[in-house]
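Have a look at the structure below, then the notes.
The values are calculated or read from the model by the stated rules, or taken from the named source; none is laboratory data. These numbers were taken from a predicted model, which means no experiment stands behind them. Counting neighbours? That spans all protein chains shown, and the Cβs are built from the backbone with ideal geometry, glycine included. These area figures cover heavy atoms from the full protein model, side chains too; ligands, DNA and RNA do not enter into them. Shrake-Rupley method; radii C 1.70, N 1.55, O 1.52, S 1.80 Å.
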Amino acid sequence: MIDYRRKTVIKGQQELRCGYTTGTCAAAAAKAAAVTLLSGEICRDVSLQLPGGEHIILETEFLECSENCVKCGMIKDAGDDPDITNGLLICAAVEKTEGETILIDGGMGVGRVTKPGLDQPVGAAAINSVPRKMIHEAVEDVRRQYAWEKGLKVTVFIPNGKEKAEKTLNPM
């Protein structure tokens, strides 16, 4: 397991502390929510495989449960990257559906694609293909582990995301 909070890289002549992407936090939150929903046991931390093959463990910072939906959140640590989302709670709600697939959407604090050019269609949640794949694989692993054959809907949300986005070029 790699602890990205302690991992550093050299860029130029500066040593920089690594962190996690928003997508990584969303995938971890979705996995923790799916585990809690399908197992009935609270998931305090979750192991996640990154696209490069490394495994990390993230702690659940927020948890809210109801009969058919669990919401989990992870605090984003961007390391030394000057990311506007550093320190924000990145959350995912996972709920049972009657379908057979995993649906992924964005909720509060997650932007929508408004113009062509991104890897998602206009109108879709602004969650790019790599984070979508990470979220899907994490939740699918849990679904297989607990032999859940019906569908699950994952809604990624960032409670203070809209306020933070107003300080970026996103509103344009």
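Accessible area per residue, 1.4 Å probe, Å², for the chain: what's the number?
Details: 9870 Å² over 172 residues.
Ligands and nucleic acids excluded, the result is 57 Å² per residue.
Could you give the nm distance between label points at Glu54 and Glu163, where each point is 7 Å from its Cα heading toward the beta carbon?
Taking the two extended label points, one gets 3.1 nm.
When the dipole is taken about the Cα centre of region 87-143, and only Lys, Arg (+1) and Asp, Glu (-1) are charged at their Cβ, what size is it in debye, to the nearest 20? Please report the intermediate quantities before stating the final value.
Values: 6 positive and 8 negative charges, 60 e Å.
Its charge dipole is roughly 300 debye.
Nothing charged except the Cβ atoms of Lys and Arg (+1) and of Asp and Glu (-1): what's the magnitude of the dipole of region 111-155 about its Cα centre? Round to the nearest 20 debye. Could the numbers behind the result be given before it?
Values: 8 positive and 5 negative charges, 37 e Å.
So the dipole magnitude of region 111-155 works out to roughly 180 debye.
Residues of region 141-160 with amide nitrogen under 13 Å from the 7 Å Cα-to-Cβ point of Leu103?
From region 141-160, the list is 151-156.
Applying the Karplus parametrisation 6.51 cos²θ - 1.76 cosθ + 1.60 with θ = phi - 60° to the phi angles of region 107-116, what ³J(HN,Hα) value in whole Hz is obtained for each residue in order, glycine and proline being reported as x?
Values per residue, Gly and Pro as x: x, 3, x, 10, x, 10, 6, 10, 9, x Hz.
Over the chain, with a Gaussian network built from C-alpha contacts below 10 Å, which listed residue (Leu103, Leu152, Leu48) shows the highest mean-square fluctuation?
Greatest mean-square fluctuation among the candidates belongs to Leu103.
When the solvent-accessible surface of protein heavy atoms is calculated with a 1.4 angstrom probe, in what order do Asp77, Asp45 fall, highest first?
Details: Asp77 35, Asp45 85 Å².
Result of the area sort, largest leading: Asp45, Asp77.
Please name whichever of Pro131, Thr36, Gly106 sits farthest to the positive end of the charge dipole of region 1-135, dipole taken about the Cα centre and charges placed at Cβ: Lys and Arg +1, Asp and Glu -1.
Pro131
Round to the nearest 0.05 the FRET efficiency obtained for Trp148 and Val122 when R0 = 41 Å and r is the Cβ-Cβ distance. Can you show the working numbers first?
Details: r = 32 Å, r/R0 = 0.78.
Computed FRET efficiency for Trp148 and Val122: 0.80.
State whether the chain is rounded, prolate or oblate according to the following rule on the C-alpha gyration tensor (a ≥ b ≥ c being the square roots of its eigenvalues): a/c under 1.5 gives rounded; otherwise a/b larger than b/c gives prolate, and the remaining case gives oblate. If you can, show how the numbers build up before the last one.
Details: a/c = 1.76, a/b = 1.25, b/c = 1.41.
Oblate is the answer for the chain, as a/c is 1.5 or above yet b/c matches or exceeds a/b.
I need the shape label for region 59-121. Rule: rounded when a/c is under 1.5, else prolate if a/b > b/c, else oblate, with a, b, c from the alpha carbon gyration tensor.
Details: a/c = 2.77, a/b = 1.13, b/c = 2.45.
In terms of gyration-tensor shape, oblate.
Pick from Thr36, Thr101, Thr60: which residue has the top mean-square fluctuation in a GNM of the chain where Cα pairs under 10 Å get a spring?
Looking only at Thr36, Thr101, Thr60, the largest GNM fluctuation is found for Thr101.
With a 1.4 Å probe and all protein chains in place, put Ser66, Ser47 in order of accessible area, largest first.
Working: Ser66 70, Ser47 45 Å².
Output order, biggest surface exposure first: Ser66, Ser47.
So what is the relative contact order for the chain, in percent, with contacts set as C-alpha pairs under 8 Å and at least six apart?
Details: 372 pairs, mean separation 42.6, N = 172.
Relative contact order comes out at 25 percent.
Let's see if you can work this out: charge +1 on each Lys and Arg Cβ, -1 on each Asp and Glu Cβ, no other charges. What is the dipole magnitude of region 68-172 about its Cα centre, in debye to the nearest 20? Each step should come with its number before you reach the end.
Details: 14 positive and 15 negative charges, 56 e Å.
It comes to approximately 260 debye.
Residue-wise, which Karplus ³J(HN,Hα) couplings in Hz belong to region 14-24, taking 6.51 cos²θ - 1.76 cosθ + 1.60, θ = phi - 60°, and x for glycine or proline?
Per-residue couplings from phi come out as 10, 8, 10, 7, 6, x, 10, 7, 4, x, 5 Hz.
With springs only between Cα atoms under 10 Å, which of Ala29, Ala93, Ala124 fluctuates most in a Gaussian network model of the chain?
So, out of Ala29, Ala93, Ala124, the one fluctuating most is Ala124.
Could you check how much of the accessible area of region 92-162 is carbon and sulfur, as a whole percent, using a 1.4 Å probe? Please list the in-between numbers first.
Details: 2120 of 3990 Å².
Using a 1.4 Å probe with all protein chains present, region 92-162 comes out at 53 percent carbon and sulfur.
Taking only the alpha carbons of region 23-65, what extent do you get along each of the three principal axes, in Å, biggest first?
Principal-axis extents of the Cα atoms in region 23-65, largest first: 32, 17, 13 Å.
Quick check for the chain: number of Lys pairs with alpha-carbon distance under 23 Å, counting only pairs 8 or more apart or on different chains?
Close lysine pairs found across the chain: 29.
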